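J.: What follows is a single structure, and I will ask about it in a moment.
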Amino acid sequence: MSELRDTAADSSRAFTARSVLIGLTGAALIVAADYVNAGALGNSPLIGILLPPGVVTLLVVAAAANGLLRRVSPRAALARGELLVAIGLIWAASGVSGWGLVRNLLPTMVMPYRLMISSPYQWEPVAKELPSWLAPACDPESPIINDFMAGVGRERAEGLGIISAVPWGAWVGALAGWIIGIGALYGLVLCLGAVFLRQWALAEHLPFPSAQVPLVITEPPTRGRAMNDLFSSKAFWMAFAVVFIVGMASGLNAYYPKVPIIKYNFAFWGIWLMHPLTYASEWLFIGSVFFSMVGIGLLLSLDTTFSIWFCFMLVQVWRIISGLAGRPMTSWMTWEPQPGALLVYCIMFLYIGRRYYKNVAASILSREKALALDLMRERRWAIGAVVCAAVFLAWLFAAGMPLWAAIIVMGLHLMIIVGLMRVLAETGMTYLQTDFRSGPYLVETFGKGMLTKKATAVALVTGAVCYDQRDHPLLMSHTALRVTAGPDSRPGRRMLGGIGSALGIAFISACAVGLILIYKYGSEKVDFWGTISLMTLGGNALAAAETGNRSGQIVINMVGAGVMAVISALRLRFPWWPIHPAGYFIAIARPGERVWFSMMLAWAIKFALLRYGGTRMAAFARNMGIGFIVGEAVIHVFWVAVAALVWLSGGEPRPFNFSC
C-alpha cells in the first residue's frame, strides 16, 4: 500500500479566489446536471453509484487541461493545491442531489399528508401532529401537493412557464425550516470529521483509498516528462482499455442490439434453486463485476478485501444452516444486527484514539492546554461541534420531540454517519448504507410505550436527513477534507467553511432544479422511490409502533454487537488475525451482497501480483486499480452525454446502467 501523497493544500496558493469560485460553480452545476440526467432522462446517474463518475471524469479532464495550460502559460495554470481544493469542493457537494439528501427530502415534505388518504397505515394522526413549518402544505388535496404528485399539466409546463408554475413561496418557507436542522447536523459531523482526520490519517495510517484517486491523478510529472507516473503506467492503460471496451460494447448494444455485448455479469439460477442453497442469498449466484469496486479493492490491503468476501460467505453458510434447522432467513434478517455491530465498531475506534480524543475534549476547556498540545484548530472544531449539536437538539425540540428522544436521535445520526465515515476511510467504498434509520429506529424500539404522537411523527419525518447513505454528502465531504489536508493531515484552515459553502450552494441548486422537474413531470417519475416507498418515512416502524415494542430487535442488535466485539478484540490483540471489522460490517449490509464478487476478484488479482511479482507490484496494482475506476467513470459519462444529446434532439434515450 502506497502512502497518500502530500497534497500541499495548505500552501498560500491553494485556497484562492479562483479555486473556490471554480469549486462552488462546479458544485452547483454537477448537482443540477445529475438531477436532470436521473430525473428527466431516467438515465444512470452522474452521481449516486459506486464512485461519482461525473466528478472522476471532471477530475481527469481538469488535470489534463491544467497540464497543457501549464506548458503554454504557467502563470495561468492552477497550482496542484488549487486544483485539489476546487475538485474537493465539487466532490463534497456532489452527493447533495442524491438519495442521501434532496431526492428523499422533497418527497418526505409532502408524502405524510398524501398518505393520509392512500396508505394502509394510520398516517392521518401522524400527519396532523407535524409542525406546519416543515411542509409546503398540510392539506392532502392542496394544489401544491396534487401538482407535486402528478405535475402541473402540459400547458403550464411548456417552456419557461414551468418556473412560474412552481409554488416557490410555500417551498422556500418550508425548506428554510429544514435547513436549520440539516445545517446544524452537517456542521456537527463536519467538525467532528475534521477532528478525527488527524488521528485516523497520521496516527492510525488509515489508507483513505477513495482519496488516493484525486491525489494520484493530480501528481505532477517529473522534470522532463509530459505525464506523471500514473498516466505513464502500462497497468493504468491496460485496465482503462478493458473497461472502456466492455462499456462501449454495452452502450452500443443498447442502441443497436445487433452489436454483441461483452458480458461482465453472471447468473446461476439453476444452482441457486438446488436444495439447500435456496436458503442463501440470491446474490451469491447472480451479480456483476463492479469495475470501480475492483479498482478500490486493488488499492486496499489483502486482509481488507479478503474480509469483505469471506464474511459474506460465512453469512451464507449461516443462512443455510439456519434454513436446515427450520428457521430460514431473508436478507432483511441478516441486515438486522447492523445497529449493534456499528455501535461496537464506533466504540472500538474511539478506544484506539482515546488519548487524542481526551486531549481534544480537555482543550475545549483550556486554551493553554490546546496551545501546548498543538490542538488550537481541533479546539475550534470541537467547540463548533458543541454549538451545532445544541442547535440540532433545539430544532428537534422545537418540532415537538422531547429532549431525551432528541438526544437519542442525534446519537444515532452520529453513530451512522461517523461510523460509515470510518468504514469509508478504511475501505474506500462510497456505496455504503445502513438498513436502519435514526428516527424510525427510535419509533420502532420505543413505540407507543414512551413516545407521544407528536414525537413519533417528528421522528419519522426527520429521518429523511439521513435516510440513505450511498454517496452521502457528509461521507463525500470527509474524503474532500483528506484530499485537501496538509502535511500534518489536518484540513486547511478555510477548507471546512469552503465545504459548507459548497454544500449550501449545491442544496439550493438541487432543490430548485428538483422542484422544476417534479412540477413538470410529477414526483413519481422524477423521484419514484422516495415517493412510493413507505420505508422512506418509516412505514415499517409505524406498523411496529402500532403493535407494540419490538424487544426482539434489541436481542438481534446484541448478537451483532457481540460478533463485532469478538472480531475487533482479536484484530487488536493478534496482528495475524485476518478478519477486518469493517469487512464484517460491509458483509452484513446490502452493499456486501452486491460487491462481494468484485472484492474477491480484486483480492485474487492483487494476491497473484504480490505473490509472483513481489512488493514492487504494489504500484502496478495501484495504477491498475485507478485505471479501472477512471475507465468506468469516463465510459459512463460518455454514454450519459450521448443520451442527453439524443433527448435534446427529440429521440428516445437509452438508459446506460453500466456497472451500477
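J.: In the range 209-225, how many residues are of a type in the set (G, A, S) and either surrounded by 12 or more Cβ atoms within 10 Å (Cβ to Cβ) or touching a residue at least 60 places away in the same chain (Cβ under 8 Å) (or both)?
T.: Of the range 209-225, the ones of a type in the set (G, A, S) are 210-211, 224.
Still in the running and either surrounded by 12 or more Cβ atoms within 10 Å (Cβ to Cβ) or touching a residue at least 60 places away in the same chain (Cβ under 8 Å) (or both): 210-211.
Selection size over the range 209-225: 2.
J.: Out of T445, T430, which single residue is of a type in the set (S, T, N, Q) and either over 16 Å from the mean Cα position of the chain (by Cα) or modelled with pLDDT of 90 or more (or both)?
T.: Just one listed residue meets the conditions, T445.
J.: If a residue counts only when it is within 20 Å of A211 (Cβ to Cβ), which helices (runs of 4 or more DSSP H) contained entirely in the range 34-113 have at least 3 such residues?
T.: Helices (runs of 4 or more DSSP H) meeting the threshold: 53-72, 80-93.
J.: So if I check each of G270, G297, G287, G251, which one is of a type outside the set (S, T, Y) and closer than 30 Å to P575 by Cα?
T.: Values: G270 fails: closer than 30 Å to P575 by Cα; G287 fails: closer than 30 Å to P575 by Cα; G251 fails: closer than 30 Å to P575 by Cα.
G297 is the lone residue from the list that is of a type outside the set (S, T, Y) and closer than 30 Å to P575 by Cα.
Every residue, every condition in (1) of a type in the set (S, T, Y); (2) buried (at least 18 other Cβ atoms within 10 Å of the Cβ); (3) over 23 Å from R590 (Cα atoms); (4) without any contact (Cβ under 8 Å) to a residue 24 or more places away in the chain, yes or no:
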site: L420; (1), (2), (3), (4): no, yes, no, no
site: Y431; (1), (2), (3), (4): yes, yes, no, no
site: D435; (1), (2), (3), (4): no, no, no, no
site: G439; (1), (2), (3), (4): no, yes, no, no
site: K453; (1), (2), (3), (4): no, no, yes, no
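J.: Report, by residue number, each residue of the range 124-165 that is of a type in the set (V, I, T) and either within 20 Å of P112 (Cα to Cα) or assigned to a helix (DSSP H, G or I) (or both).
T.: Our first condition is that a residue be of a type in the set (V, I, T); within the range 124-165, this holds for 126, 144-145, 152, 162-163.
Within the range 124-165, V126, I144, I145, I162, I163 qualify.
J.: While we're looking at this one, here's another question. Which of the following residues is small (G, A, S), farther than 23 Å from A643 by Cα and out of contact with any His (no Cβ under 6 Å at 6 or more places or on another chain): G98, G88, G54? Before the answer, list the steps.
T.: Working: G98 fails: farther than 23 Å from A643 by Cα; G54 fails: farther than 23 Å from A643 by Cα.
Step by step, each of G98, G88, G54 is checked, and only G88 is small (G, A, S), farther than 23 Å from A643 by Cα and out of contact with any His (no Cβ under 6 Å at 6 or more places or on another chain).
J.: Search the range 419-452 for residues being touching a Lys or Arg at 6+ places or on another chain (Cβ under 8 Å) and of a type outside the set (G, A, S), and hand back the single one that is farthest from G95 (Cα to Cα). Walk me through how you get there before you give the answer.
T.: Our first condition is that a residue be touching a Lys or Arg at 6+ places or on another chain (Cβ under 8 Å); within the range 419-452, this holds for 425, 430-433, 435, 444-445, 447.
Those still in the list that are of a type outside the set (G, A, S) too: 430-433, 435, 444-445.
Working: T430: 10, Y431: 12, L432: 13, Q433: 14, D435: 19, E444: 28, T445: 30 Å.
The residue in question is T445.
J.: Tell me, please, whether a residue that is part of a helix (DSSP H, G or I) and without any contact (Cβ under 8 Å) to a residue 40 or more places away in the chain can be found in the range 319-328. Walk me through how you get there before you give the answer.
T.: Within the range 319-328, the subset part of a helix (DSSP H, G or I) is 319-324.
Still in the running and without any contact (Cβ under 8 Å) to a residue 40 or more places away in the chain: 321.
Looking for residues that are part of a helix (DSSP H, G or I) and without any contact (Cβ under 8 Å) to a residue 40 or more places away in the chain, one finds at least one in the range 319-328, hence yes.
J.: Another question about this same structure. Restricting the search to the range 316-329, which residues are closer than 20 Å to M558 by Cβ and either touching a strand residue (DSSP E or B) at 6+ places or on another chain (Cβ under 6 Å) or exposed (fewer than 12 other Cβ atoms within 10 Å of the Cβ) (or both)?
T.: Hit for the range 316-329 is R327, nothing else.
J.: Another one. Please count how many residues of the range 594-626 are closer than 30 Å to L58 by Cα and either of a type in the set (D, E, K, R) or outside any helix (DSSP H, G or I) (or both). Walk me through how you get there before you give the answer.
T.: Just the residues of the range 594-626 that are closer than 30 Å to L58 by Cα, to begin with: 594-603, 605-606, 617-626.
Now drop any that are not either of a type in the set (D, E, K, R) or outside any helix (DSSP H, G or I) (or both), which leaves 594, 606, 622.
The number of residues fulfilling the criteria is 3.
J.: Tally up the residues in the range 582-610 that are farther than 25 Å from F285 by Cα and either modelled with pLDDT under 90 or buried (at least 24 other Cβ atoms within 10 Å of the Cβ) (or both), please.
T.: Total satisfying the criteria: 0.
J.: Something else about it: In the range 112-139, which residue that is modelled with pLDDT of 85 or more, crowded, with 17+ Cβ neighbours inside 10 Å and not small (G, A, S) is nearest to A170 (Cα to Cα)? Break it down into steps so the answer makes sense when it comes.
T.: Applying the first criterion (modelled with pLDDT of 85 or more) to the range 112-139 yields 130-139.
Next cut, crowded, with 17+ Cβ neighbours inside 10 Å only: 130, 134-138.
From what's left, not small (G, A, S): 130, 134, 136, 138.
Numbers: L130: 16, L134: 10, P136: 5, C138: 11 Å.
So the residue we want is P136.
J.: Mind checking whether some residue in the range 83-104 is within 19 Å of I22 (Cβ to Cβ) and charged (D, E, K, R)?
T.: So far as the range 83-104 goes, no, none of its residues is within 19 Å of I22 (Cβ to Cβ) and charged (D, E, K, R).
J.: Restricting attention to the range 269-299, which residues are surrounded by fewer than 14 Cβ atoms within 10 Å (Cβ to Cβ) and either out of contact with any helix residue (DSSP H, G or I) (no Cβ under 8 Å at 6 or more places or on another chain) or assigned to a loop (DSSP other than H, G, I, E, B) (or both)?
T.: Correct list: W269, G270, L273, M274, H275, P276.
J.: Another question about this same structure. Answer with yes or no whether F620 is touching a strand residue (DSSP E or B) at 6+ places or on another chain (Cβ under 6 Å) and either surrounded by 19 or more Cβ atoms within 10 Å (Cβ to Cβ) or farther than 30 Å from I556 by Cβ (or both). Full working, then the answer.
T.: On the way: touching a strand residue (DSSP E or B) at 6+ places or on another chain (Cβ under 6 Å): no; either surrounded by 19 or more Cβ atoms within 10 Å (Cβ to Cβ) or farther than 30 Å from I556 by Cβ (or both): yes.
Answer is no for this residue.
J.: Next question. Scanning the range 542-573 for residues that are at pLDDT 70 or above and of a type in the set (G, A, S), which turns out farthest from L105 (Cα to Cα)?
T.: Here the residue is A569.
J.: Please go through the range 250-268 and pick out each residue that is part of a helix (DSSP H, G or I) and either among the charged types (D, E, K, R) or surrounded by fewer than 18 Cβ atoms within 10 Å (Cβ to Cβ) (or both).
T.: Going through the range 250-268, the residues part of a helix (DSSP H, G or I) turn out to be 250-255.
The answer is L252, N253, Y255.
J.: Tally time: how many residues in the range 355-390 are assigned to a helix (DSSP H, G or I) and either surrounded by fewer than 16 Cβ atoms within 10 Å (Cβ to Cβ) or among the polar types (S, T, N, Q) (or both)? Full working, then the answer.
T.: Keep residues of the range 355-390 that are assigned to a helix (DSSP H, G or I), which gives 355-365, 367-372, 376-390.
Then keep just the ones that are either surrounded by fewer than 16 Cβ atoms within 10 Å (Cβ to Cβ) or among the polar types (S, T, N, Q) (or both); that gives 355, 358-359, 361-363, 365, 367-369, 371-372, 376, 383, 386-387, 390.
Number of matching residues: 17.
J.: Only one residue in I567, I579, I629 is part of a helix (DSSP H, G or I) and out of contact with any Gly (no Cβ under 6 Å at 6 or more places or on another chain), so which one is that?
T.: Values: I579 fails: part of a helix (DSSP H, G or I); I629 fails: out of contact with any Gly (no Cβ under 6 Å at 6 or more places or on another chain).
On inspection, the qualifying residue turns out to be I567.
J.: Say whether the condition of being out of contact with any strand residue (DSSP E or B) (no Cβ under 9 Å at 6 or more places or on another chain), assigned to a helix (DSSP H, G or I) and more than 28 Å from A633 (Cα to Cα) is met by at least one residue in the range 203-217.
T.: So far as the range 203-217 goes, yes, one or more of its residues are out of contact with any strand residue (DSSP E or B) (no Cβ under 9 Å at 6 or more places or on another chain), assigned to a helix (DSSP H, G or I) and more than 28 Å from A633 (Cα to Cα).
J.: Does V243 satisfy being out of contact with any Gly (no Cβ under 6 Å at 6 or more places or on another chain), crowded, with 16+ Cβ neighbours inside 10 Å and at pLDDT below 95? Walk me through it before giving the result.
T.: Numbers: out of contact with any Gly (no Cβ under 6 Å at 6 or more places or on another chain): no; crowded, with 16+ Cβ neighbours inside 10 Å: yes; at pLDDT below 95: yes.
Spelling it out, it is not the case that V243 is out of contact with any Gly (no Cβ under 6 Å at 6 or more places or on another chain), crowded, with 16+ Cβ neighbours inside 10 Å and at pLDDT below 95.
J.: Of the conditions (1) more than 30 Å from G295 (Cα to Cα); (2) modelled with pLDDT of 90 or more, G419 satisfies every one except a single condition; which number is it?
T.: Only one criterion is unmet by G419, namely (1).
J.: Restricting attention to the range 490-528, and to residues there that are of a type in the set (V, I, T) and at pLDDT 90 or above, which single residue is nearest to the chain's Cα centre (by Cα)? Outline the logic, then answer.
T.: The first filter runs over the range 490-528 and keeps only residues of a type in the set (V, I, T), leaving 499, 505, 508, 513, 516, 518, 526.
Subsequent filtering for residues that are at pLDDT 90 or above retains 499, 505, 508, 513, 516, 518.
On the way: I499: 16, I505: 19, I508: 19, V513: 21, I516: 25, I518: 23 Å.
My answer is I499.
J.: Now a separate question. Within the range 223-276, which residues are of a type in the set (V, I, T) and closer than 21 Å to M624 by Cβ? Explain how you work it out, then say what you get.
T.: Here is the first cut: in the range 223-276, the residues of a type in the set (V, I, T) are 242-243, 245-246, 259, 261-262, 271.
If the condition is that a residue be of a type in the set (V, I, T) and closer than 21 Å to M624 by Cβ, then V242, V243, I245, V246, I262 are the ones that fit.
The values are calculated or read from the model by the stated rules, or taken from the named source; none is laboratory data. These numbers come from a predicted model, not from an experiment. Methodologically, a virtual Cβ is constructed for each residue, glycine included, from the backbone with ideal geometry; neighbour enumeration extends over all protein chains shown.
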